[in-house]
1. List pairs: first in the range A:305-324 and under 21 Å from A:Ile335 (Cα atoms), second surrounded by fewer than 17 Cβ atoms within 10 Å (Cβ to Cβ) and of a type in the set (Ser, Thr, Tyr), Cβ under 8 Å, 6+ apart or cross-chain?
2. Restrict the check to the range A:298-313 and report whether at least one residue is out of contact with any strand residue (DSSP E or B) (no Cβ under 7 Å at 6 or more places or on another chain) and within 14 Å of another protein chain (Cβ to nearest Cβ).
3. Which of the residues belonging to the range A:83-105 are charged (D, E, K, R) and out of contact with any strand residue (DSSP E or B) (no Cβ under 9 Å at 6 or more places or on another chain)?
4. If B:Glu107 satisfies all but one of (1) under 21 Å from B:Leu215 (Cα atoms); (2) among the charged types (D, E, K, R); (3) buried (at least 20 other Cβ atoms within 10 Å of the Cβ); (4) in contact with a helix residue (DSSP H, G or I) (Cβ under 6 Å, 6 or more places away or on another chain), what's the number of the condition it fails?
5. Looking at A:Arg241, A:Arg251, which is the one that is closer than 30 Å to B:Asn333 by Cβ, open to solvent by 20 Å² or more (accessible area, probe 1.4 Å) and within 14 Å of chain B (Cβ to nearest Cβ)?
6. In the range B:45-61, is there at least one residue being among the β-branched types (Val, Ile, Thr), open to solvent by 10 Å² or more (accessible area, probe 1.4 Å), free of Cβ contacts under 8 Å to residues at least 40 places away in the same chain and in contact with a Gly (Cβ under 8 Å, 6 or more places away or on another chain)?
Protein chains: 2
Amino acid sequence: MTWYLTSGPEGDLIVSSRIRLARNLKDYPFGARLTPEQGTELLERIRGACRASGDDYLDVHLEDLSPQEQLSLVERRLISPELLEQPNPVGLLLGRDESIAIMLGEEDHIRIQSMRAGLDLVPAWEAADAVARIIESRLPIAWSERYGFLTACPTNVGTGLRASVMMHLPALTRLGQIEALSRNLSKLGFTVRGYHGEHSRTQGCLVQISNQLTLGIGERDLLSDLGQIVEQMLQLERRAREQAFGSDDIRTADRVQRAIGILGHARLITSEEALDLLSDLRLGVELGLAPGFSAAQINSLMIQIEPGTLQKSAGRPLEAPERDCRRADILRNAIAAGRSAAAT
Amino acid sequence: MTWYLTSGPEGDLIVSSRIRLARNLKDYPFGARLTPEQGTELLERIRGACRASGDDYLDVHLEDLSPQEQLSLVERRLISPELLEQPNPVGLLLGRDESIAIMLGEEDHIRIQSMRAGLDLVPAWEAADAVARIIESRLPIAWSERYGFLTACPTNVGTGLRASVMMHLPALTRLGQIEALSRNLSKLGFTVRGYHGEHSRTQGCLVQISNQLTLGIGERDLLSDLGQIVEQMLQLERRAREQAFGSDDIRTADRVQRAIGILGHARLITSEEALDLLSDLRLGVELGLAPGFSAAQINSLMIQIEPGTLQKSAGRPLEAPERDCRRADILRNAIAAGRSAAAT
């Protein structure tokens, strides 16, 4: 099943694990120095290699999609925003359950992405690695004995691996400890970002942690290090909860119930407010204070209420007030369903 | 029925009308200059006059009440906070439906109060006046041919009448027009105050307007002037609504529904927040956007959630967090009842 419709290991605090492998073909220049003709040829060769693997990919023609459908792919984390900004031809091969997405012609010729719900780094990496091996066996890959895989940006040289984990850290966020944690983790070679990536503020108490190093450390060691850091952050979060929300359960219940009340009644809601309220609802799920609701349902709602996905499901472009209205409708229906599930 | 369990004329925008008549006995000094012995004697004479009238009064012994029960009387506007602070003996005679309350030994020897739901000034005054006439016929009242009734404070000399109307003005409040209105009305001899009286900020968009003049104008003329001003303010409020809430109905529906959502789910709530949310709910009632709810119900809730009345109904003193919790319980139950009434 699509990752964002499920919940995985440690799924109460961890939304998803994501692996990205960068690969390039030997005989072509990187990125902007590629001519359009070379780009087209390159895409065909990679598509051919993937098709020949016997794996079942959906060959998405991005140029045929509406801007809303394109944006929805970004929101579902199937493509990067940068893929849509490339001057040369680009492509997307999508595994049927959306757990594998192969971007063609982004910064690197090939970027294989694998996503899983919860904390599930090694299986996610194994799935991406299996795809990479098939491509590597069929196409001449830019690789050096000394450095490993060569990439457009030197920060990816070596394994070409970026692993990231999206966590829900309401207590650490509330206590204002994310920034200090972020500074410490940076010294260890890990980056902390918000829900919407590089420059985003922490929205909905969601924090993404990923590796900076791709050189001088093997994939399994790196994943093990990242996994350990994530486990430590979970411990910090769990310990911070009493301090953040008080030992007094009623304050937390109040917070969770108010979120349910507003999500279940609002007629207009921005995605910022919705993410913050879904964070409170998720806290309720984690603490057993929100019967009828699940982390998987919240994962799915987080995607559904994003502007592109909203417009895609409406089948037409929507102005901001219309989106706020439709977003409120989706959330209201979801809350009503959760409440009636809890009642039965 | 008790005024705050009902709704009266213009009850969608007007909470209540209140009349207060000040009277003093001729042969006793005013206020602080009264000795305790004189005070006791005075109270007995007034009690005797009222009892002999054949009207059915509850003789409330304030000194036997707990601080919470005393506070609850203030919250139900049956006594003034000042009555509890008098150095001399005080008393309270209460009509059985709480529409008439006679304070004994406050600033003036006798203060007769009459309350009605909605805009109902003349009947309220007639009820108070009937009580006053009985007392005047049985006791020697301080009165001068030139000034009329004499009172402890010169601002009440003449009719001894203070008439006030409590209005719900969410649009004018939101547009920040209350202060300017207040300045203009002051020039006409009327005072605008908040829900909690003299120095209170406008809470729950509730505004009280009352007369300053008690000299040189007959009671019926004064009530007619005040009634006209109130009608004008209602017109201003109704006209301001489109500007304040937009012609876009969904913004108002959102506001009303969010109030229902929060009131229906919160586990802790302060009286300030509750009053503001009840104001939004009242707006919903006025606009037909809150089926299952009524102005009378909101009037009653506004009293029930006040600290003293809360503690009185709990039967014991409650700390602030306990009050917030019990207040939330009362509101949650009321919203659940309203919602199920709307559903049937």
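1. From the range A:305-324, the pairs are A:Asp324/A:Thr270.
2. Within the range A:298-313, the subset out of contact with any strand residue (DSSP E or B) (no Cβ under 7 Å at 6 or more places or on another chain) is A:298, A:300-313.
Subset that is within 14 Å of another protein chain (Cβ to nearest Cβ): none.
Within the range A:298-313 (the criterion being out of contact with any strand residue (DSSP E or B) (no Cβ under 7 Å at 6 or more places or on another chain) and within 14 Å of another protein chain (Cβ to nearest Cβ)), the answer is no, since none of the residues qualifies.
3. Here is the first cut: in the range A:83-105, the residues charged (D, E, K, R) are A:85, A:96-98.
Hits for the range A:83-105 are A:Glu85, A:Asp97.
4. The one condition B:Glu107 does not meet is (3).
5. Numbers: A:Arg241 fails: within 14 Å of chain B (Cβ to nearest Cβ).
Answer to the selection: A:Arg251.
6. The initial filter retains those residues of the range B:45-61 that are among the β-branched types (Val, Ile, Thr), namely B:46, B:60.
If we keep only those that are open to solvent by 10 Å² or more (accessible area, probe 1.4 Å) too, we end up with B:60.
Among the residues that remain, those that are also free of Cβ contacts under 8 Å to residues at least 40 places away in the same chain are: B:60.
Subset that is in contact with a Gly (Cβ under 8 Å, 6 or more places away or on another chain): B:60.
Scanning the range B:45-61 turns up at least one residue that is among the β-branched types (Val, Ile, Thr), open to solvent by 10 Å² or more (accessible area, probe 1.4 Å), free of Cβ contacts under 8 Å to residues at least 40 places away in the same chain and in contact with a Gly (Cβ under 8 Å, 6 or more places away or on another chain).
Yes/no per residue for (1) within 21 Å of the chain's Cα centre (by Cα); (2) among the acidic types (Asp, Glu); (3) open to solvent by 20 Å² or more (accessible area, probe 1.4 Å); (4) modelled with pLDDT of 95 or more:
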residue	(1), (2), (3), (4)
A:Leu215	no, no, yes, no
A:Ser247	no, no, yes, no
A:Gln257	no, no, yes, yes
A:Ala266	no, no, no, yes
A:Ser271	yes, no, yes, no
A:Leu283	yes, no, no, no
A:Gly288	no, no, yes, no
A:Ser300	yes, no, no, no
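Residue by residue, here is whether (1) charged (D, E, K, R); (2) open to solvent by 10 Å² or more (accessible area, probe 1.4 Å); (3) in a strand (DSSP E or B); (4) on the phi > 0 side of the Ramachandran plot holds:
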site	(1), (2), (3), (4)
B:Ala132	no, no, no, no
B:Glu136	yes, yes, no, no
B:Arg146	yes, yes, no, no
B:Ala152	no, yes, no, no
B:Ser164	no, no, yes, no
B:Met167	no, no, yes, no
B:Leu172	no, no, no, no
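The values are calculated or read from the model by the stated rules, or taken from the named source; none is laboratory data. It should be emphasised that the depicted structure is a prediction, and the values quoted were computed from it without experimental measurement. Here Cβ is always computed from backbone atoms with ideal geometry, including for glycine, and neighbour counts include all displayed protein chains. We work out accessible area using only protein heavy atoms, side chains counted, and drop any ligands, DNA or RNA first. Shrake-Rupley method; radii C 1.70, N 1.55, O 1.52, S 1.80 Å.
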